[in-house]
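Step one of this worksheet: look at the structure below.
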Amino acid sequence: MNIPVRTYSGGTVVRPDTTWERDDDPLFIPDTLRKVSFTPVVTVTLSRAGRSIGRRFASRYFELLGAGILLYPEDLIDGREEGFAEALCMDHTSFIRQPSLKAQEYAFAEVISASVDGEEVFSSEAPSLEMICGTIASVSEKVYLRRGDILAIELSPRKTVIDRDKEGLHDTEISLRMGDQTMADFMIMV
């Protein structure tokens, strides 16, 4: 199982399953990391394998949707060729509960919002099922999607959540809600 990601800027990358944190356990970041960013995502569990999936057929490839948070250790994204790849594969940085909303339930999810230490930092309408199908089609042009993969669609550019140089040391709580459901709620421990 992998986590293919459609980045906010439209790129396609893949996170390994070792990044998946499904139980909202706290993340302890190493002392060497000074800055961590996050982005909220809509998630789609793929129920069939496919490559170059046509947009009009994409709805046949999923049944369950959800939402989560992806973390990025910004210190690793430093301009080196392998920097972004290293950031993508840092363990326990994909906070995604097993998606559980059926397409019909997801269609009524109105707003996705993220909070850091109780303060809302992101709010947006949930992407349409049509947009999700288009994303599946475009991602599958570059990545073979397997049954059980969880496609993550970034909803905003990365936002800094930990900056040890500016804010000093303190634990940070991040939560994500879709409508009235909590989709992620975890602590980053410094």
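The table below lists the values:
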item	result
Enumeration of residues in the range 25-52 that are in contact with a Ser or Thr (Cβ under 9 Å, 6 or more places away or on another chain), among the charged types (D, E, K, R) and more than 23 Å from T135 (Cα to Cα)	K35
Residues within the range 108-147 that are farther than 21 Å from I174 by Cβ and in a strand (DSSP E or B), tallied	1
From the options D75, D91, residue that is outside any loop (DSSP other than H, G, I, E, B), farther than 21 Å from A126 by Cα and open to solvent by 10 Å² or more (accessible area, probe 1.4 Å)	D75
Residue that is surrounded by the fewest Cβ atoms within 10 Å (Cβ to Cβ), among those in the range 98-124 that are polar (S, T, N, Q) and either out of contact with any strand residue (DSSP E or B) (no Cβ under 6 Å at 6 or more places or on another chain) or closer than 18 Å to A152 by Cα (or both)	Q104
Within the range 40-66, considering residues that are small (G, A, S) and either within 30 Å of F186 (Cβ to Cβ) or within 15 Å of the chain's Cα centre (by Cα) (or both), the one least open to solvent (accessible area, probe 1.4 Å)	G66
All positions within the range 142-190 that are among the polar types (S, T, N, Q) and under 16 Å from the mean Cα position of the chain (by Cα)	S156, T160, S175, T182
Residue in the range 144-152 that is touching a Gly at 6+ places or on another chain (Cβ under 6 Å), touching a residue at least 40 places away in the same chain (Cβ under 8 Å), open to solvent by less than 50 Å² (accessible area, probe 1.4 Å) and of a type outside the set (K, R) present	yes
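Yes or no, residue by residue, for (1) under 22 Å from T12 (Cα atoms); (2) modelled with pLDDT of 90 or more:
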{"residue": "S94", "(1), (2)": "yes, yes"}
{"residue": "A103", "(1), (2)": "no, no"}
{"residue": "A107", "(1), (2)": "no, no"}
{"residue": "V111", "(1), (2)": "no, yes"}
{"residue": "D117", "(1), (2)": "no, yes"}
{"residue": "F122", "(1), (2)": "no, yes"}
{"residue": "L129", "(1), (2)": "yes, yes"}
{"residue": "G134", "(1), (2)": "yes, yes"}
{"residue": "A137", "(1), (2)": "yes, yes"}
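The values are calculated or read from the model by the stated rules, or taken from the named source; none is laboratory data. Remember, it's a predicted structure, so these values are computed and weren't measured experimentally. Cβ atoms come from the backbone with ideal geometry, glycine included; neighbour counts cover every protein chain shown. Ligands, DNA and RNA are stripped out before the accessible areas are found, and what is left, the full protein with its side chains, is counted by its heavy atoms. Shrake-Rupley method; radii C 1.70, N 1.55, O 1.52, S 1.80 Å.
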